[in-house]
């Protein structure tokens, strides 16, 4: 008969397995950490972007033409005589706006791609036939860069893709910085005058700048408020337009005869303006050296139209008005004369009843009789 094995001998294989497992745990943990580190290093966003070159290899100063499209309309910005023009309008472009856009695109370092598949290009709207913006940067006849901009992952960012590249990048850019509407690129300060004005004429006054100060031509002795005059002059000198009049508005404005004229002259040149309105809230201005009408502030238009000399006069000090009132005797008006004698109020005799006649000896009525005038006493006694 076999003896049963002891618990110690039965547990020996189990203890060996536990020992081997315990030795494997640290090894597996280290392997897992190494693997996690490799994955993190491979996909960590922007980890190596600082060491990468710019996303687009172009130099803003070398670009001579920019074409921006949204699939429905497009804008051609061309450089002519070192000045940017909106080709569709034949007018100056906002140079600062354009330079800001070019510099920001040139400084893009987006890091690792957000997606690479053909399906992602369509989903993020950066495909050749499905995009929010297509920007072509040309150096002469050569494309230095072509970029597709799409949807926005979050505020201040947009998905972008270079033409011929499968990578969809997350860019620090906004689609509104690259509008496809030509009017959005118009230089709103194109009518501003940089030289010092020497004369301004309006319907009801003419201002001239002499010896460092402004004066009204017909009333040179009238003191003008410098702040008010400077504000008025700057309304024309620093004029900011809102937009270009469309064809229908232009036809109506050309047919109108109402409105008023204004002139601003500098030492070398005179600028003549015609100002008209289509209604109370839509005012337009045309300068003599421009063929087009431009919409501008209705507040400024009404201020120029209604300006008078009285509105520009320097306010008189309050102390001067007080002194003037004192000199004309207004301060003494309504005060009593120091030599006037007080006037006593009229006397009203008391009503004497029959009973009071019988009690003339009483002290109360005696006091009344003593206070009564002599004529009144005689009248009472006679009664």
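Just so you know, all these numbers are worked out from the coordinates, no wet-lab data involved. Since the model is a prediction, treat every value here as computed from it, not as a measurement. Glycine gets a Cβ as well: all are built from the backbone with ideal geometry, and neighbour counts include every protein chain shown.
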What is the distance, in nm, between label points placed 7 Å from the Cα along the Cα-to-Cβ direction at residue 240 and at residue 278?
2.2
Gain in span if fully extended, residue 310 to residue 123, counting 0.36 nm per residue against the direct Cα distance
60.8 nm
Please give the contour-minus-distance gain from residue 155 to residue 139: 0.36 nm per residue of separation, less the Cα-Cα distance, rounded to one decimal in nm.
2.6 nm
How do 55, 185 line up, fewest other C-beta atoms within 10 Å first?
55, 185
Efficiency of FRET between residue 195 and residue 116 - r from beta-carbon atoms, R0 51 angstrom, step 0.05
0.35
Each label sits 7 Å from Cα toward the beta-carbon; between residue 231 and residue 78 the label points are separated, in nm, by 4.4
Burial-style ranking of 194-200, 159-165, 123-129, average other-beta-carbon count within 10 Å with highest first, yields 159-165, 123-129, 194-200
Suppose R0 equals 22 Å; then what is the FRET efficiency for residue 257 and residue 303 from their Cβ-Cβ distance, rounded to the nearest 0.05?
0.50
Förster-model FRET efficiency, 30 Å R0, residue 181 and residue 217, C-beta, rounded to 0.05
0.10
